[in-house]
Structure formats: C-alpha cells, structure tokens
1. Find the eigenvalues of the gyration tensor of the Cα atoms of the chain, then list the square roots of 5 times those eigenvalues as equivalent ellipsoid semi-axes, largest first, in whole angstrom.
2. I need to check one value: relative contact order of the chain, counting alpha carbon pairs closer than 8 Å and at least 6 residues apart, in percent.
3. Beyond a 27 Å Cα-Cα separation, which of these cross-linked pairs lie in this structure: K37/K224; K37/K206; K181/K205; K65/K215?
4. Can you give me the distance in nm between label points at E208 and F105, each placed 7 Å from the Cα along the Cα-to-Cβ direction?
5. So if we plug the beta-carbon distance of K66 and I218 into 1/(1 + (r/R0)^6) with R0 = 35 Å, what FRET efficiency do we get, rounded to 0.05?
6. Taking H as built 1.01 Å from N, whose amide H comes closer than 5 Å to the amide H of L6, not counting residues under 5 places away?
7. What fraction, in whole percent, of alpha-carbon pairs in region 186-233 exceed 13 Å separation?
8. Search the structure for amide H atoms under 5 Å from the amide H of V79, placed 1.01 Å from N in the peptide plane, and list their residues when 5 or more places away or on another chain.
Amino acid sequence: MHVRFLGHSSFLLEFNDSTVLIDPCVHCQSFGKHSRKIPSPIKMEDFPKVSLILITHEHEDHFDKKVIEYLANRDGTCVAAHDSVLSELNIPTRCKRAVTSDQQFHLRGVHVKVEVAHHPQAFYPMAYVVTGDGVSVYHAGDSDLIEEFSPDFTAHVALLPIGGNITMDIVDAVKATKVLKPDVVIPMHYNTFDMCAASPEEFAKKIEKSNLKTKPVILSPNEKYEYNLPALSNGSK
C-alpha cells in the first residue's frame with residue numbers, strides 16, 4: 001500500500017481496492033493569528049477517486065468542508081466522523097457514517113477502528129486505525145501524549161504529530177513510537193503554521209538512536225511511501 005502525504009496532517013492511504021483520505025486541508029490558509037507557511041500540494045479538483053474520508057475533529061486545518069463536499073458529490077465518497085462534524089456537511093445522508101471512539105466497522109473495502117485522542121481544544125477528538133490488504137495504519141489526529149496512552153492495538157505504520165503546542169512534540173512522539181512499536185513512523189502536523197514549528201530530522205534522529213526497530217520516514221508534501229509487509233509476515237503484527 002502507499003501512504004501519500006498531503007501536508008499538515010492530511011494523508012491518502014492507497015490500498016489495492018480502496019483509497020482513504022484523512023483530514024483534508026487544502027483551503028485553510030490560517031489558523032487563528034497564524035498564516036499558513038506551506039501551501040497544499042494538491043488542488044481540490046486533482047484528487048483521485050476517494051472511497052472513504054475520515055475526519056479526526058472539527059478544526060478547519062483538519063476538516064476542509066469544500067473538499068469533502070466536492071468529493072462526496074463527485075465520487076459518492078463516504079465520510080466517517082463524529083455526528084457533530086457530519087452535521088456541518090451538505091452531502092447526501094447516504095454518504096455519512098457517524099462514529100464514536102472504540103467503534104469498529106468495515107466500510108468501502110477497509111476495516112476502521114476508532115481510537116481516543118487527547119485534544120482538549122476539540123469537541124470530540126478521535127484517532128483511527130485503518131487496515132487494508134493486511135496493513136494497519138494509525139493516524140493519531142491532534143492527540144497529546146498522556147500517561148494513559150497505552151493503545152490496545154498494533155500498527156505497521158504510525159502517523160504522529162510532532163509540532164507541539166496543541167499536540168505531541170518531538171519528545172512525546174518518540175515516547176508514543178516506543179509504545180506503538182510500528183514498523184514505520186511518519187511525522188506530521190509540523191511547520192505548516194508557526195505554532196507547530198518542529199524539525200522532522202531531529203525526530204528521525206531520535207528514533208534512529210533509540211533501540212527501536214522502527215524506521216522513521218520523512219515525506220515532503222505530495223510524496224508517497226510504499227509499505228510492503230515483511231516477506232515472512234502472515235499479514236498481522
């Protein structure tokens with residue numbers, strides 16, 4: 001499968017028979033008093049066909065209503081999010097799937113597990129584990145690291161924020177990686193705005209110097225990473 005980084009916390013997960021978009025952020029040009037420093041690498045009209053959209057919370061840098069409504073009407077894309085988020089979308093009811101933490105469901109060719117995220121600034125923050133073709137990807141949303149952070153899941157690929165301020169910083173993201181022990185960790189939510197300035201190279205060096213077998217991967221906007229299950233793997237961790 002391929003992980004395509006669309007900037008900030010937005011990713012396209014490309015499986016054999018399904019494409020999952022998480023937290024689109026094309027049109028958001030500012031967050032509070034902070035102007036966007038790294039533009040979106042993709043225009044709304046250039047998205048490939050998307051099977052499923054997952055939204056972690058309602059903040060505009062994760063919830064691009066224009067993109068979501070465009071794709072839902074163009075492709076019949078299903079949108080999974082908390083009901084408070086779905087209520088803001090002008091899309092067909094058949095395209096809406098209300099979810100809450102600790103739910104699991106199969107939809108549009110993938111299995112999704114909804115996880116708790118700690119982000120007090122949001123009404124109902126969530127994280128997701130998406131599994132397709134035997135590969136599991138964890139998207140942490142805007143979560144902080146808390147003492148109770150002890151996931152009841154494993155993931156081959158982890159997408160973790162490192163920008164600090166309102167999410168994990170580099171140190172906490174390294175701690176989260178040590179708990180998760182994924183094969184690959186990809187940093188996100190950094191340098192798009194001044195409020196989340198961080199060095200992904202520093203994060204990668206800390207991972208490489210640890211005793212972890214996890215491989216840090218830094219993606220430029222619009223860059224893809226191809227993940228292949230280990231040759232001796234039976235498709236699960």
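Where a number appears in this text, it was derived from the coordinates with a stated rule and is not lab data. Everything numeric here is computed off the predicted structure, so don't read it as measured data. Every residue, glycine among them, receives a Cβ derived from its backbone with ideal geometry; neighbour counts consider all protein chains shown.
1. Numbers: eigenvalues 122, 89, 58 Å².
Semi-axis lengths for the chain are 25, 21, 17 Å.
2. Result for the chain is 19 percent.
3. Values: K37/K224 21 Å; K37/K206 25 Å; K181/K205 16 Å; K65/K215 34 Å.
Result: K65/K215 exceed 27 Å.
4. In this crude spin-label approximation the distance works out to 4.2 nm.
5. Values: r = 28 Å, r/R0 = 0.81.
So, using R0 = 35 Å, E works out to roughly 0.80.
6. F11, L12, N222
7. Values: 729 of 1128 pairs.
Counting every Cα pair in region 186-233, those more than 13 Å apart make up 65 percent.
8. Answer set, sorted by chain and number: I53, K96, R97.
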